[in-house]
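What follows is a short report on a single structure.
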């Protein structure tokens, strides 16, 4: 009996997590179904693509260029010890396309757009605007969630490609211009080592991350309770849960793809 | 006609509606009167299908809406207009876009015609020329008016008002009361108003339904309610506290 209680006690958080995961999936499925039913809400989709994609570009660019530069700098110090400076370019390119491009982009978009999604939808929930949508025979999942999820899945890979490129440019600038690595060698090693698949797999990751961050953020907003405090909590949780989920899924995606 | 039959609804262990029966006559203003937190808004949300009862049936024109799927329910909802407590205007749209929203969603009217209807509805609620403003630029009373303009955009047969005068000053409250009466007169719509304000209720109501402990304890004309012998109603009307605990 005591043992039973222990398992019950220890298992409760896991059951809670599993339950929540199930509800997130249900919201995602519902959004997926609504994406194929008219009206198609193209206006909302484009509006969200602007909010998630275009408006995130500056932070993504800054993050990418600085991480590319730091990567070049750090790997240069390491490789110099055994005369492998020529590998700096390939290291930067592989890290950017496989990991840093998609992951850092997703993290920045989570912080910017994910929190905004949760806060905006959460505010609509506590101010009865979601009820108003239902009352006016408009499905809020189709009107609010679907465009955001679609925008996340479409814009994340685009941002990631830009981030990959800018990161490599940053690495090239540091390696070739500041540290004096021969730029021909720098580029030749990239051509030699970087496969198109590295980029593609990175983009598949980006699509998955875009899906995760938008669904989680919309979910947190959609089920907000408790007024202004609840909206703040929803935004925080959206960022925390999205970030953790992105890291965990990154491990599994990497294990499967590379 | 709207009819609730044996509607029961609990939240957790708290039973808010307890086998509630209520018949709301067509083309009249019915006020549901009760204390704060007594479940008045819950009744309204059941009528428009935002909540489903634990048991019981809700008939809109003899159709039980608790058995409908979402598509059928949406068809029924198109007969409704609802004014929410804080108006629930969409913050990201202008007032004009808010009023136009149901028209854009559910009609194929050309843009010009929609614009004309929006201006007409805004004039009807006494808010001409605010179509370009954002909801955040409006005062509480103006937001309620704009919310009403949106609620009547599709000329609904049933209009629901969730605490239309709560949080407004007495003069604005009176103006909103007049607006409800005038709107009902013009549209011949069935109006259901949630309120806890005695003066306002006696001013606008054709019928009053008194909600107490999850049930309608009395339904009748304002005169009948005024002359009721039920101790709770007598106390409610006289605004006396003793003898009744402060409640939740």
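Every number here is computed from the coordinates shown, using simple stated rules; none is lab data. Computed from a predicted model, the values in this text were never measured in an experiment. Quick reminder, even Gly has a Cβ in these numbers, built from the backbone with ideal geometry, and neighbours come from all protein chains shown.
Cα centroids of the stretch B:69-129 and the stretch B:5-29: 28 Å apart. Put in line by how crowded their Cβ is, counting other Cβ atoms within 10 Å and starting with the fewest, B:108, B:226 read B:108, B:226.
Across every pair of non-identical alpha carbons in the protein assembly as shown, the mean reciprocal distance, once inverted, gives a Kirkwood radius of 26.2 Å. Taking Cα atoms only, the orientation of helix A:146-172 departs from the longest principal axis of chain A by about 20 degrees.
Please report the relative contact order for chain B, taking Cα pairs under 8 Å with a sequence separation of at least 6, and give it as a percent rounded to a whole number.
Values: 440 pairs, mean separation 64.7, N = 248.
After rounding, I find 26 percent.
Between the Cα long axis of helix B:140-151 and the first principal axis of chain B there is an angle of about 80°, rounded to the nearest 10. Taking the C-alpha atoms only, the angle from helix B:170-187 to the longest principal axis of chain B is near 70 degrees.
With a simple spin-label model that places each label point 7 Å from the Cα along the Cα-to-Cβ direction, the separation between residue B:136 and residue A:21 comes to 3.9 nm.
Can you sort A:172, A:77 so the residue with the fewest Cβ neighbours within 10 Å comes first?
On the way: A:172 22, A:77 11.
Going from least to most buried by this count: A:77, A:172.
Here residue B:71 and residue A:191 are evaluated by their C-beta separation; at R0 = 60 Å the FRET efficiency comes out at 0.60. Could you tell me the distance between the Cα centroids of the stretch A:196-238 and the stretch A:94-121, to the nearest Å? Value for the Cα centre distance between the two parts: 9 Å. When you restrict to C-alpha pairs under 8 Å that are six or more residues apart and normalise by the size of chain A, the relative contact order lands at 31 percent. Fully extending the segment from residue B:23 to residue B:92 would add 21.0 nm, taking 0.36 nm per residue of separation and subtracting the current Cα-Cα distance. Inter-part distance, the stretch B:145-178 to the stretch A:148-176, computed on C-alpha centroids, equals 51 Å. Placing one equal scatterer on every Cα of the stretch A:12-257 and applying the Debye formula, the log10 ratio I(q)/I(0) at q = 0.07, 0.14, 0.16, 0.18 Å⁻¹ is -0.28, -0.88, -1.05, -1.24. Under the shape rule built on the C-alpha gyration tensor, where the axes satisfy a ≥ b ≥ c, the stretch A:1-71 is oblate, since a/c reaches at least 1.5 while a/b does not exceed b/c. Modelled spin-label separation between residue A:251 and residue A:6, with each label point placed 7 Å from Cα along the Cα-to-Cβ direction: 2.6 nm.
With runs of 4+ DSSP H residues as the only contributors, calculate the mean residue ellipticity of chain A at 222 nm using -39,500 (n - 2.57) per run, divided by the residue total and rounded to the nearest 500. Don't jump to the answer; show the numbers that get you there.
Details: 11 runs with 201 residues, N = 258.
Helix contribution divided over all residues of chain A: -26500 deg cm²/dmol.
If you take the C-alpha gyration tensor of chain B, multiply each eigenvalue by 5 and take the square root, what semi-axes do you get, largest first, in whole Å? Show your work: numbers first, answer last.
Values: eigenvalues 188, 95, 50 Å².
Those come to 31, 22, 16 Å.
Note on residue A:258/residue A:57: beta-carbon distance plugged into 1/(1 + (r/R0)^6) with R0 of 35 Å gives a FRET efficiency of 0.80.
For an R0 of 30 angstrom, estimate the FRET efficiency from the Cβ-Cβ distance between residue B:111 and residue B:185 and round to the nearest 0.05.
Numbers: r = 30 Å, r/R0 = 1.02.
Computed FRET efficiency for residue B:111 and residue B:185 comes out at 0.50.
Listing A:21, A:28 from fewest to most neighbouring C-beta atoms within 10 Å gives A:21, A:28. Summarising the label geometry, the points placed 7 Å from Cα in the beta-carbon direction at residue A:244 and residue B:54 lie 3.3 nm from one another.
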